[in-house]
Amino acid sequence: MTILKMKAIRFGTHDNIGSSGPIHLPPDEMHISATWLSLHLSEQWSEAELTEVMIGIAYAMNAYIPLSIQCDSSDVAVVPQVKASHNKLPTFFVYDKYPGGIGLSEKVYEL
């Protein structure tokens, strides 16, 4: 569950017009279509270094994938995990941002 803080401010002047408090949002759950890319790396990388590198690669993939499969950048997402739950390897998950998927992750898999 995500807990956010809310603060009411006046539009234009940004004056505080209300108190802040927690906002409880339900989890955003969606059945999607996805593909993943797992890497076998040597043990010389620390987890912090690997996290930073994977975030950078995911950022680059988020920019490159829409160009290569010809879709909007908001149609597909890349999520890096240093130790994926299914294989304990550094993994990039590429998924369609539409319920049920629309075939974009399959195009990424073909590449």
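The values are calculated or read from the model by the stated rules, or taken from the named source; none is laboratory data. Quantities reported herein were computed from a predicted structural model and do not represent experimental measurements. When we count neighbours, we look across all protein chains shown, and the Cβ atoms used for this are built from the backbone with ideal geometry, even at glycine. To get the accessible areas, we keep the full protein, side chains included, count just its heavy atoms, and leave off ligands, DNA and RNA. Shrake-Rupley method; radii C 1.70, N 1.55, O 1.52, S 1.80 Å.
Descriptive notes on the structure:
- Residue that is least open to solvent (accessible area, probe 1.4 Å) [pool: residues in region 11-20 that are assigned to a loop (DSSP other than H, G, I, E, B) and modelled with pLDDT of 70 or more]: Gly18
- Of all residues in region 52-76, those that are on the phi > 0 side of the Ramachandran plot have Cβ atoms under 9 Å from Cβ atoms of residues that are surrounded by 12 or more Cβ atoms within 10 Å (Cβ to Cβ) and of a type in the set (Lys, Arg), 6 or more apart or on another chain, in Gln70/Lys107.
- Boolean, Pro99 is touching a His at 6+ places or on another chain (Cβ under 7 Å) and either in a helix (DSSP H, G or I) or exposed (fewer than 15 other Cβ atoms within 10 Å of the Cβ) (or both): yes
One line per residue, one yes/no per condition, for (1) part of a strand (DSSP E or B); (2) touching a Gly at 6+ places or on another chain (Cβ under 6 Å); (3) open to solvent by 70 Å² or more (accessible area, probe 1.4 Å); (4) not small (Gly, Ala, Ser):
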{"site": "Pro22", "(1), (2), (3), (4)": "yes, no, yes, yes"}
{"site": "Met30", "(1), (2), (3), (4)": "no, no, yes, yes"}
{"site": "Thr51", "(1), (2), (3), (4)": "no, no, no, yes"}
{"site": "Ala58", "(1), (2), (3), (4)": "no, no, no, no"}
{"site": "Tyr64", "(1), (2), (3), (4)": "no, no, yes, yes"}
{"site": "Ser73", "(1), (2), (3), (4)": "no, no, yes, no"}
{"site": "Leu89", "(1), (2), (3), (4)": "no, no, no, yes"}
{"site": "Phe93", "(1), (2), (3), (4)": "yes, no, no, yes"}
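- For region 76-87, the candidate set comprises residues that are out of contact with any helix residue (DSSP H, G or I) (no Cβ under 6 Å at 6 or more places or on another chain) and open to solvent by 20 Å² or more (accessible area, probe 1.4 Å); within that set, the residue that is nearest to Tyr109 (Cα to Cα) is Val79.
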